[in-house]
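These notes are about the structure you will find just below.
The values are calculated or read from the model by the stated rules, or taken from the named source; none is laboratory data. Fair warning: this is a prediction, and the values are worked out from it, not measured in the lab. Here the Cβ is made from the backbone with ideal geometry for all residues, glycine too, and neighbour counts use every protein chain on show.
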Amino acid sequence: MKRIVAIFTFILLSIAAFPQLATSYYMTNLRQSIYTNPARMQDCGFSFSFPMLNLNTSLFLSTLNVNNIFSVDNAGQYYVDFDKIASNSADFNYLYNSNQISLFSFGVRIGYPLYLHMDHSIKASFYANYPRGLMEFLAQGISPSNPSFVLTDFNLSSTIYKQTSLSAGFKLTKDLTIGASIKRLTGLATFYTRSTTFNLTIDTANDANYPMNITTAYDFFYAGPVGFTYTDSLVVDSNSALLAYSNNPSFSTLKSIISPNNHGWALDLGFVYKPIKYVEVSGSIIDLGYIKWKTNSKEISHQETSYYFDGLDILNDTNATEKFIDTLKTLIEPTVADNEFTTYLNTRIYLGVAVKPVEYLSLGFAFQSIKLQPRNWMNIYHFSAAVNVGYGWSLTGTYSIYPHSYNNFGMGLALKLGPMQLYFITDNLALPNFGISYFTNSNTPPDQNSATLWLKKTQLANFHFGLNFNFGCKDRLDYGLLD
């Protein structure tokens, strides 16, 4: 059973697991470093990525890991331990997941000062912010010592969109390079909460029927390929894009799914500056933009409503259950309106400094901040050492400090064989280490090796891997082993 749980955990984190990897920030001979700073210019005359094989994914839990989510009972069975989750939670906690797959991507150098890059990708992100009180309620429920439950500042946000970007890096002087990316965005689906309120107080002293006072309010937004209306019940629009395609697959119905009328723009800006011979200072702002949602866009809301319910008298009132259901309907019944709305991207900021005592070695520090909500930024600190060995090898090691997470040792590896360049990047080696350990030490119980202990304590899982083809490279650090 333990081995099955270990395998399931590995697969779950591998699939679910994307903050943009900072390990790539100092992998300057890797074209994908332009995703973190558009001022990164490549030496090669022309390069492109293998279609749909440039994958980037990350998952981060701000306070939780496997150790403080699961417990084992006397029979050796794993279960979700809400008491442990509540005791290990902060006042506010969040889960952040981002994903990107590049459908096609290429770059070209025009003369010495100009580098152009084009990319078409599908991106998805998920964010959840929850208070400790929610976990305490799930763990303890309502009791005489804890007669009330207050849920505010609970937020969910999930977005899937297409992105077509054109980037340009320009060398202003021999020491200063600037870059910018302009991105056209098409939203495919989104759901987010603007506000959520649920307050429950029970008179636990009145144990005959436990009367309660309830207050509810919420304001949600949705847009996607499925439309619906709501009066007394939910009615799905059979003419909406997804259902129309399932009933009658055709190019026109497929186009309405992949190209809805939800558009926006985003901008990246960056610079790389060398004030003295061995020092490089750099910075960038990524995904400063928005999407305007128009296709099947809905605002799902409920005005603040309070109700005092004097409890259930099931023995004497045969309609007690029906009355309770009617009360709940009054407290949560939504108002659905066709409203256009705007969402904003998870903007990222990078600031870095690197010391390059020799041509092939770079020692760096990078600060990264990700905007998760209008009032919530996640700050991350990265220390790196990058070695660019001649004839195609590039190896980067990183140590990253995330909120409440300090065991994040990462690695980036890029290898060129002729024009072909393979790369793999992660900001935390826990999952790869666990996978290697599990398959090479099959006789060792999975919960008794150091790789498993590391995995159980980690809050971060991310990967970025792919295949590039580079031509016309002049710097020997960009030569392939077969060149």
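Brief remarks follow.
- Exactly one residue among Val150, Val66, Val72 is β-branched (Val, Ile, Thr) and either buried (at least 18 other Cβ atoms within 10 Å of the Cβ) or under 15 Å from Asn468 (Cβ atoms) (or both), and that residue is Val66.
- Lone qualifier among Gln100, Gln32 - being crowded, with 22+ Cβ neighbours inside 10 Å and touching a Phe, Trp or Tyr at 6+ places or on another chain (Cβ under 9 Å): Gln32
- Elements of the type helices (runs of 4 or more DSSP H) sitting completely within region 225-343 and holding at least 3 residues that are modelled with pLDDT under 95 and within 31 Å of the chain's Cα centre (by Cα): these cover 241-247, 251-258.
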